[in-house]
Amino acid sequence: MTLPASIRRDAVTLSARLPSLIIAARRVAQTVRHGVHGRRRAGSGETFWQFRPFLSGEPSSRVDWRRSAREERAFVREREWEAAHTVWIWFDRSASMQFGSSLAPVTKIDRATLLALAFADLCVRGGERAGLLGLTRPLATPGVVERFAEAIATDERLRGASQAPLPPALPAATRSMVLMLGDFLSEPEDVARAIQAVSAEGAIGELVMIVDPIEETYPFSGNTEFLDPAGALTVLTPRAQNLRDAYLARLAAHRETIRAICARSGWGMSIHRTDASPAEILLALRMRLSAPEPGAGLRSA
C-alpha cells in the first residue's frame, strides 16, 4: 500500500525530531527525579528507611546490633518497600496530534512523545519495567529511551504517522500500570471500549489529555476557516465568536464523560496543556502511579 504524501511527510518529520526529543526527555526526567520521593513503606528492598523497636516473636537475625548497642532495647533496620512493576505506555500519533498553535511552544505529538520517553526513563530508574503498548516488550534497561525511540521511528517508517487515535485492544497484565497520552477527541464510547480492553485483566492506569491552549481558550472571531487535521474537511464561519459558548460547553461535557469512564475502571484522568511545564505533570504522574488510588486522577497541569 502506498502511503499518502502527507502521512509520509509527518512520519519523516517525527522521526527527524526524535533525537532532540530524546535529549529533552532525559533532561526533564532528570529534573523530575529530584522531586520523586520513595514509596515510604516497609518491605523487601535495598534502601534504608528507618529503625524501629524489635518486636517480640521476630527472628533475632533482624536486630541491628550496632544501633541497639547505643540504647537499652533492640532495634530493627527497616528497608523501604520496593516492587518491580510493569508500566505500559501508549501515546496517540494520529493526525489531530500534529496540531500546534501560536500559543504553544510545541505540537501535541511532540509533548506526548517527550512525556512518554521521560516517564519510561523515570520508571526504569525507579526499578520498574516499561513497555510501549503494541510496540515493545517491557524493558528494564537504562537505555530504554533510545530503545523506545528506535521502535517509534521504525513503526513510523513502516506504517506512517497516521496511526489509530486509540490504543490497540491488548489487555495489560494483572497488577500492571498503564499510561495513555493523547487528545482523546474520539467518541466516548470508543474511549470506553479502549480502556476496558486494556484493563480487562485488572491493570490500572492514568489517561492524560494533551491539549493545545487555543483549544481551551477559543480566541476566534470574524471570518474563520477551520481545517480538519487530516485535511478532509474545511468549515468557513463568518462569525466564529458566536460558536464560542457552544464549543466550550461541548468540550467540558466531553471531558466530564471521559473522566466518568475512567473512574468506572478505577483509572484517573489528567489534562495537560502544551504551554505548561512537562516536569510538573511528570512528577504528578510518577507519584500517582507509584501509589495509585482508584479513580483519583490528577489536577490539570
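The values are calculated or read from the model by the stated rules, or taken from the named source; none is laboratory data. Given the structure is predicted, the values throughout are model-derived calculations rather than measurements. Cβ coordinates were reconstructed from backbone atoms using ideal geometry, including for glycine residues, and neighbour counts include every protein chain displayed. Just so you know, the surface numbers come from the protein's heavy atoms only, side chains and all, with ligands and any DNA or RNA stripped out. Shrake-Rupley method; radii C 1.70, N 1.55, O 1.52, S 1.80 Å.
Here the calculated FRET efficiency for Y218 and R27, from their Cβ-Cβ distance with R0 = 35 Å, stands at 0.60, rounded to the nearest 0.05. In this rough spin-label picture, where each label sits 7 Å from Cα along the Cβ direction, the A69-A173 distance is 4.4 nm. Annotation note: GluC sites (Glu not before Pro) in the stretch 55-116 located in DSSP loop regions with a Cβ neighbour count of at most 13 within 10 Å are E71, E72. Of the GluC sites (Glu not before Pro) found in the stretch 137-237, the ones in coil according to DSSP and having at most 14 other Cβ atoms within 10 Å of their Cβ are E201. FRET efficiency for the pair R125 and V235, taken as 1/(1 + (r/R0)^6) with r the Cβ-Cβ distance and R0 = 51 Å, rounds to 0.65.
Close amide H partners of D64, meaning residues 5 or more places away or on another chain with modelled amide H under 5 Å apart, are F75, V76, R77. Kirkwood-type hydrodynamic radius, the stretch 135-233: 16.4 Å, calculated from all non-identical alpha-carbon pairs.
The heavy atoms of R67 present about 40 square angstrom of accessible area, all protein chains included, probe 1.4 Å. Within the stretch 186-216, which residues have the backbone N less than 12 Å from the label spot 7 Å out from T257 along Cα→beta-carbon, could you tell me? Correct set: 186-192. Ordered by solvent-accessible area of protein heavy atoms (1.4 Å probe), largest first, the residues R273, R157, R62 come out as R157, R62, R273.
Reported to the nearest whole Å, the Cα centre-to-centre distance from the stretch 213-292 to the stretch 101-158 is 22. Accessible surface of the stretch 137-244, 1.4 Å probe: 55 percent of it comes from carbon and sulfur atoms.
Using 0.36 nm per residue and subtracting the Cα-Cα separation, the extra length available between R77 and S277 on full extension is 68.1 nm. When the trypsin sites (Lys or Arg not before Pro) in the stretch 162-241 are filtered for DSSP coil states and for at most 14 other beta-carbon atoms within 10 Å of their beta-carbon, the remaining sites are R175, R239. R0 = 30 Å: FRET efficiency of A197 with F226, Cβ-based, nearest 0.05? Once the sixth-power term is evaluated, E becomes 0.40.
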